[in-house]
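Encoded as structure tokens, the structure appears first; notes follow it.
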Amino acid sequence: MINNHFLNTIFKEENFSKEDLEMILKQYEKITFAKNDYFIKEGNTANYYYFMESGFARSYVIDLEGNDISTKFFSSSDIVIDWHSYFLKTKCRENIQAITSCIAWKITFENFMKLFKIEAFREVGRTRLVNNYFELKNHSISIIADPAKERYLNLIKSKPDIVQNVPLKQIATYLGITDTSLSRIRKELADSK
């Protein structure tokens, strides 16, 4: 039996037969990324998705004015993926880049499809996809409907590790504000303590 502590936290033994779990774990390959390495670049097609064991990464796009805008952050236990590109074999419209050094476990599309016949594996994937969708939807609505301070407080509450480990300029673009506005919000919060 392959024993990988990290992957065993994703694919819990009680949810899989011993044979299924062994087959699943064998499909993943450990990979490391140095700070600023790319998981995938815009214009390429995603051939892997990754479970992040440690480190921080982000997806970003360059807007029409040439600004670098963060669209999502990834940390431990997250799936690092461009869903659209991976499943539909289209070119990525964003970049996914390591913010720190990262350890991840990758799986090819072909190996992923082999595992799809395992019902419990499909359920883990479906749950993560749905959670990802809701996170994206909530963020989209928040950018439109919530004040900047509330968006920042929600990020602190939901992902405190991101706020502590990601450059403020990247956090500001993710929140849809300038880094000056973010500094002002952080100062207000510090002063109110």
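Let me confirm something: among Val124, Val163, which residue is of a type in the set (Val, Ile, Thr) and over 21 Å from Ile10 (Cα atoms)?
Val163
Of everything in the range 7-45, what is at pLDDT 95 or above, surrounded by fewer than 17 Cβ atoms within 10 Å (Cβ to Cβ) and not charged (D, E, K, R)? Give them in sequence order.
Residues satisfying the conditions are Ile31, Thr32, Ala34, Asn36, Tyr38, Gly43, Asn44, Thr45.
Identify the residue in the range 134-193 that is of a type in the set (Val, Ile, Thr) and over 17 Å from Ser75 (Cβ atoms) and, among all such residues, is nearest to the chain's Cα centre (by Cα).
Thr173
Take Asp146 and decide whether it is touching a residue at least 24 places away in the same chain (Cβ under 8 Å) and surrounded by fewer than 18 Cβ atoms within 10 Å (Cβ to Cβ).
Judged against the criteria, Asp146 is not a match.
Looking only at residues in the range 21-59 that are in contact (Cβ under 8 Å) with a residue 40 or more places away in the chain and hydroxyl-bearing (Ser, Thr, Tyr), which one is farthest from Ile171 (Cα to Cα)?
This residue is Tyr28.
Out of (1) in contact (Cβ under 8 Å) with a residue 24 or more places away in the chain; (2) surrounded by 14 or more Cβ atoms within 10 Å (Cβ to Cβ); (3) closer than 24 Å to Tyr38 by Cα, the odd one out for Lys114 is which?
Result: Lys114 fails condition (3) only.
Scan the range 62-90 for residues that are touching a strand residue (DSSP E or B) at 6+ places or on another chain (Cβ under 8 Å), exposed (fewer than 14 other Cβ atoms within 10 Å of the Cβ), free of Cβ contacts under 8 Å to residues at least 60 places away in the same chain and not hydrophobic (A, V, I, L, M, F, W, C) and jot them down.
Asp63, Lys89, Thr90
May I ask you to list the residues in the range 157-193 that are free of Cβ contacts under 8 Å to residues at least 12 places away in the same chain, surrounded by 14 or more Cβ atoms within 10 Å (Cβ to Cβ) and either among the hydrophobic types (A, V, I, L, M, F, W, C) or touching a Cys at 6+ places or on another chain (Cβ under 9 Å) (or both)?
If the condition is that a residue be free of Cβ contacts under 8 Å to residues at least 12 places away in the same chain, surrounded by 14 or more Cβ atoms within 10 Å (Cβ to Cβ) and either among the hydrophobic types (A, V, I, L, M, F, W, C) or touching a Cys at 6+ places or on another chain (Cβ under 9 Å) (or both), then Val163, Ala172 are the ones that fit.
In the range 112-133, what residues are of a type in the set (A, V, I, L, M, F, W, C) and either under 17 Å from the mean Cα position of the chain (by Cα) or in a helix (DSSP H, G or I) (or both)?
Phe112, Met113, Leu115, Ala120, Phe121, Val124, Leu129, Val130
Scan the range 7-20 and report the pairs whose first residue is of a type in the set (Gly, Ala, Ser) and whose second residue is assigned to a helix (DSSP H, G or I) and exposed (fewer than 11 other Cβ atoms within 10 Å of the Cβ), with Cβ atoms within less than 6 Å and a gap of 6+ or a chain change.
none
Out of the residues in the range 91-111 that are among the aliphatic types (A, V, I, L, M) and part of a strand (DSSP E or B), state the one that is surrounded by the most Cβ atoms within 10 Å (Cβ to Cβ).
Ranking the candidates gives Ala104 first.
For the range 44-57, which positions are closer than 17 Å to Ser70 by Cα and either more than 11 Å from the chain's Cα centre (by Cα) or of a type outside the set (A, V, I, L, M, F, W, C) (or both)?
Matches in the range 44-57: Gly55 only.
The values are calculated or read from the model by the stated rules, or taken from the named source; none is laboratory data. Please read all numbers here as calculations on a predicted model, not as lab measurements. All Cβ positions, glycine included, derive from the backbone under ideal geometry; neighbour counts span all protein chains shown.
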